[in-house]
Amino acid sequence: MENKPALLPKHATLLLENLQEGIIVFSSNDEILYINETARTLTGIGSSESACPFSCLGRNFRSPDGQMLSSENCPCFRILSGKRLRGAEYAIWRPDGSKSIVTCSGSAVAEDNEKNLFAVLYLSDLSKLRALEKINHDCTKMISHDLRSPLAAIQCWAQLAEHHSGRPDKIANCVSHITNSVQKTNMMIQDLVDSVRLELENLNLEKQPINIESFLTNMLEQIDNEEHQRRIHLVSEHNTLIASADPHHLDRIMKSLLTNALDYSDASSIVTITCGCSEELITIAVTDQGAGIPATEIPNIFDRVYHTDASPQREEGLGMGLFIAKKLVEAHGGRIWAKSQEGSGSTFSFSLPAADPAKRLASRASDNERHPDRDQSDSQNNDRQCSHPNAPMARAVTSK
């Protein structure tokens, strides 16, 4: 539906379209007369859908805790019945399943003859404010609970070192434990800071074309833990996958997924990385042979404070690795998902935009310059094997 041109002067319409508040004007006969862009975003209503009666849109309004509203508590009914709305809070459930939190204010306006009644509804977005409140609650909980463990360990080992003041060997052992606890604390704080920055979408990406196979191979070569090196296998369906990504953040995504896979599977099992592509997307998947995830938990595994007790290997931490990975993937314009079957392991996959053709060629040329001894027939033969030089078990890199 197009907004009624005779309802508002052109300059007024332009002003309303640029307001940060949502504006909906509807009539007493349930017709939407005007809706600005902010209101479309908050309600999730498209231009073609705005021809629907306002009462239909009103059914998407819920109480702040998500409960259905009775008809007399819907904003349109309250306004048209002569009640003035002042900062009433609602949750709006959009057609795509997402929701926004808003405050609504509004009143009815009658024309001179008082036969035609119009209602104006103002929507103010509270979603970011509520998100900040949730962040504050989660951070307070994490600081008061999770950070206490390594800090208590530091205090304990410091007191023990003081007790062994005349024993250099004992003191060295205490210092080692203190250093380890400090590192864990720093990691927790960094995760906390990163999660807040990502939640507020305050992230700078320095995207560049990245050869995924080379990137992953180099990343795996830098793993200090030889046991982890043995367990991780890399399988690539193509040897020239070029993604558009920030290398630092891609490294963080991969390490979060690998840490999760290694922690939640047996120490002797294999973790497999597979890579593939479609016309415009690069897909990377990490598969473990762990106990799997119950179907009821899969929708929550990327939440900020999700925890499970199914890990035989998991060390202390805030448990925000998957949450951070999800936010980083989404910041790249990609998506992340998980598939799992109890008793058969889990696969975490994510997609990233492929670099445009010109950048792919430039990246490929640069990669060839860095590796002049690489077999140039790889892309033609589409069949090769390579392994990590220090790993007792080969990590296969195959092409199909």
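The values are calculated or read from the model by the stated rules, or taken from the named source; none is laboratory data. Since the structure is predicted, the reported quantities are computational estimates derived from the model, not experimental observations. Every residue, glycine among them, receives a Cβ derived from its backbone with ideal geometry; neighbour counts consider all protein chains shown.
Values computed for the structure shown
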quantity	calculated
Residue in the range 132-154 that is surrounded by the fewest Cβ atoms within 10 Å (Cβ to Cβ), counting only those that are in contact (Cβ under 8 Å) with a residue 60 or more places away in the chain and under 23 Å from T179 (Cβ atoms)	S149
Which listed residue is over 30 Å from L80 (Cα atoms), within 25 Å of the chain's Cα centre (by Cα) and in the same structural domain as L328 (by TED's automatic domain parsing), from L216, L147	L216
Residue among D251, D224 that is out of contact with any Asp or Glu (no Cβ under 7 Å at 6 or more places or on another chain) and either assigned by TED's automatic domain parsing to the domain that holds K141 or under 18 Å from A285 (Cβ atoms) (or both)	D251
Checklist (1) at pLDDT 80 or above; (2) in the same structural domain as N60 (by TED's automatic domain parsing); (3) surrounded by fewer than 16 Cβ atoms within 10 Å (Cβ to Cβ) applied to N113, failing item	(1)
Residues satisfying the stated conditions in the range 254-269, i.e. within 16 Å of the chain's Cα centre (by Cα) and within 15 Å of T217 (Cα to Cα)	M254, K255
Segments classed as strands (runs of 3 or more DSSP E), wholly inside the range 194-296, with at least 1 members that are surrounded by fewer than 19 Cβ atoms within 10 Å (Cβ to Cβ)	208-211, 232-236, 271-277, 281-287
Among the candidates S256, S236, residue that is out of contact with any Cys (no Cβ under 7 Å at 6 or more places or on another chain), in contact (Cβ under 8 Å) with a residue 24 or more places away in the chain and not aliphatic (A, V, I, L, M)	S256
Hits in the range 176-192 (condition: surrounded by fewer than 14 Cβ atoms within 10 Å (Cβ to Cβ) and of a type in the set (V, I, T))	T179
Tabulated pairs, the range 9-29, first under 23 Å from L80 (Cβ atoms) and in a helix (DSSP H, G or I), second at pLDDT 80 or above and of a type outside the set (G, A, S), C-beta under 7 angstrom, 6+ apart or interchain	L16/I23; L16/N36
Total residues in the range 310-369, condition of a type in the set (D, E, K, R) and at pLDDT 70 or above	7
